[in-house]
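Below: the structure, in structure tokens.
Derivation of every value follows stated rules applied to the coordinates shown; laboratory data play no part. Just so you know, these numbers come straight off a predicted model, no measurement behind them. We place every Cβ from the backbone using ideal geometry, glycine too, and count neighbours over all the protein chains shown.
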Amino acid sequence: MIETLVIFLCCAGMLLFLGGMIGILRLPDAYTRLHMAGMLDTLGLLILLLGLVLYGFLHAPMSLLVQFKILLLWGFVLVTSPTATHAMVDAGVRAGLTPWVQPDAKRRRK
Amino acid sequence: MKKTALLAVILTGALLILSMENFPSWGDVQSPASLHLSRHFIEKSYEQTLTPNLVTAVLGDYRGFDTMLETVVVFTAALACFLVIRLPRDVCTPGLFYYRHTRTGLVVRKHDACELPGENPTFERVDSDWPPHDVVVVSTCRMVIPFIQLFGLYVVAHGHYSPGGGFQGGVIFAASYVLLAVSHDLRTLVHRLNERVTHLLSAAGVLLFFGVGLFGMAMGLNFLDYGALEGVLGMSLASGHSLGILLVEIGVGMTVTAALVIIFKLLSSRGTVTEGL
């Protein structure tokens, strides 16, 4: 049961990483790319770390300290990674970077 | 002048590449390092240095001089930055300088700062290109910085038994101060850790390292022989070695932290250490 959960969590994390990577490469401007990077760094990494904690719990129950350290890392990433993304987007807005709009939406507005 | 510099760079590079010929190839079993040295360190290092971690034994004990002079290099880098970049305090810096009256919020503008006023309770300095601080970033950094500093201390103190040591811990500790300056402003950092403190700290780290070495000589042993700490406060030989390496790591950490903070302060404020970023 836990085994299945571990596999599911790790695969979900990997999938988010894959999607985020494609997004960083393909999306049109800085804001959307930062959105992808933030998603990948936060959600993907958190799910992956949760899977690792469960895996360690299952296969090496003696090394609880390592699991505890990974959980600490989890909390740290949960707080800092969205803040970093927020700071970058904030800096972009203040520097006057205009967000990308869909081309035909722009035409419609005219 | 430029051509001479280019010539010197090319000559040095050619010499370095030529001297690579004499190196043993990667992973060569016949090289002296694999024949005698590795086995010697693996077998003998514990009984010779009483340090359980092999890497720490090599870095702190066998290569103590190397580590000490690396610390001196970091110190010299900070000193060179200070001497090259720092503007003298009595130079008139042209530009706009803003002061806010704390009671009324009125902002006063000055066109030069031939004499920068010190601490004045009624007026508060404001950066000339001052963006209002973002509340999310400020509060997150305020929450995270103590943990980063704790982790830096952990890395310094655990240099014996796990990866880490003075250099890495010092860099982490300095990064927390850089984060403070980025999230608040440079004046907050200078207020917490002014120039006098950082300069004294960087010199004190090197002196601590030298002091541990000289203490060994004073006890009649070799320079940097941590065995000299045996018997101080009734310690055994092993804990004397441990304490010696810990003191040395603390010295390295102090120097690295202070040097990085000095370099950051100078570079981000173009040598004035008043405002920047």
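Charged neighbours of residue B:248, selected by a Cβ distance under 13 Å, balance to -4 (K, R count +1; D, E count -1).
For the protein assembly as shown, the ratio of Cα radius of gyration to the globular rule of thumb 2.2 N^0.38 Å stands at 1.27.
Applying a DSSP loop filter and a limit of 11 other Cβ atoms within 10 Å to the trypsin sites (Lys or Arg not before Pro) in the stretch B:23-79 leaves nothing. Across the stretch A:86-96, computed HN-Hα scalar couplings (Karplus, 6.51 cos²θ - 1.76 cosθ + 1.60, θ = phi - 60°) run 4, 4, 5, 5, 4, 5, x, 5, 5, 7, x Hz from first to last residue, x flagging Gly and Pro.
With N denoting the number of residues in the stretch A:16-110, provide Rg(C-alpha) divided by 2.2 N^0.38 Å, to two decimal places.
Details: Rg = 18.3 Å, N = 95, 2.2 N^0.38 = 12.4 Å.
My calculation over the Cα atoms of the stretch A:16-110 gives 1.47.
Please compute the length gained on full extension between residue B:102 and residue B:194, using 0.36 nm multiplied by the number of residues separating them and subtracting their Cα-Cα distance.
Details: separation 92, 0.36 × 92 = 33.12 nm, distance 2.30 nm.
So the chain would gain 30.8 nm between residue B:102 and residue B:194.
For the stretch B:1-104, give the magnitude of the charge dipole about the Cα centre (Cβ charges: +1 Lys/Arg, -1 Asp/Glu; no others), in debye to the nearest 20.
Values: 9 positive and 8 negative charges, 178 e Å.
That gives a dipole near 860 debye.
Taking amide H positions as modeled 1.01 Å from N, with prolines and chain starts lacking one, no residue 5 or more places away or on another chain lies under 5 Å from residue B:185.
How large is the charge dipole for the protein assembly as shown, taken about the Cα centre, if only the Cβ atoms of Lys, Arg (+1) and Asp, Glu (-1) carry charge, to the nearest 20 debye?
Numbers: 27 positive and 26 negative charges, 357 e Å.
In total the dipole reaches around 1720 debye.
How are the Cα pair distances of chain B distributed, in percent, across 10 Å bins from 0? The distribution over chain B is 6, 20, 24, 22, 16, 8, 3, 0, given as percents. Here the label points at residue B:223 and residue A:76, each 7 Å from Cα along the C-beta direction, are separated by 3.8 nm in the simple model.
What 222 nm value per residue comes from the helices of the protein assembly as shown, counting each DSSP H run with n ≥ 4 as -39,500 (n - 2.57) and dividing by all residues, nearest 500 deg cm²/dmol?
Taking each H run of at least 4 residues, the total per residue is -21500 deg cm²/dmol.
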